[in-house]
């Protein structure tokens with residue numbers, strides 16, 4: 001079998017198997033990684049924790065942190081549509097405070113299991 005998942009309560013679990021012909025990498029096609037720099041008045045206004053809240057709501061993984069130059073940096077993994085939605089929500093929420101964002105898109109590395117604020 002291609003894959004097996006085990007989970008459950010009190011040691012008793014269930015097993016879900018994918019057919020042999022199923023290619024798990026099919027799902028990875030839709031996962032991307034965005035390295036984003038946000039510019040404007042993005043420190044001291046709750047930007048990181050709003051990003052955290054939106055990212056968790058959208059089931060994205062990665063991190064966000066302040067930079068010494070006053071900008072905010074984030075690395076986010078998930079479906080591109082969800083990352084685009086996160087950026088749109090931030091633009092709406094912060095309005096003119098968020099002056100610009102620069103996004104570099106790459107393949108997902110699947111190295112995160114949650115989204116967090118890096119201190």
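Bear in mind that the values in this text are calculations on the coordinates, not laboratory data. Worth saying up front: this structure is predicted, and the values here are computed from it rather than measured. Cβ: placed from backbone, ideal geometry, glycine included. Neighbour counts: every protein chain shown.
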message: List residues of the stretch 70-90, by number, whose backbone nitrogen lies under 15 Å from a label position 7 Å along Cα→C-beta of residue 30.
response: 78-85
- prompt: Can you put 58, 98 in order, fewest other beta carbons within 10 Å first?
  reply: 58, 98
- line: The value for the stretch 30-117 (convex hull of the alpha-carbon atoms, volume per residue, Å³) is 81
- prompt: Got a sec? How would 111, 85 order by Cβ neighbour count within 10 Å, fewest to most?
  reply: 111, 85
message: At 0.36 nm per residue, and after removing the present C-alpha to C-alpha distance, how many nm does the segment from residue 99 to residue 80 gain when stretched out fully?
response: 4.7 nm
- prompt: When the label point is put 7 Å from the Cα of residue 37 along its Cα-to-beta-carbon vector, which residues of the stretch 86-100 have a backbone N closer than 15 Å?
  reply: 99-100
field: For the stretch 73-112, diffusion coefficient by Stokes-Einstein and Kirkwood Rh (Cα), 20 °C, 1.002 mPa s, µm²/s
entry: 189
- request: For each of 112, 47, 38, 30, count neighbouring Cβ atoms within 10 Å of the residue's Cβ, then give the residues from fewest to most.
  value: 30, 112, 47, 38
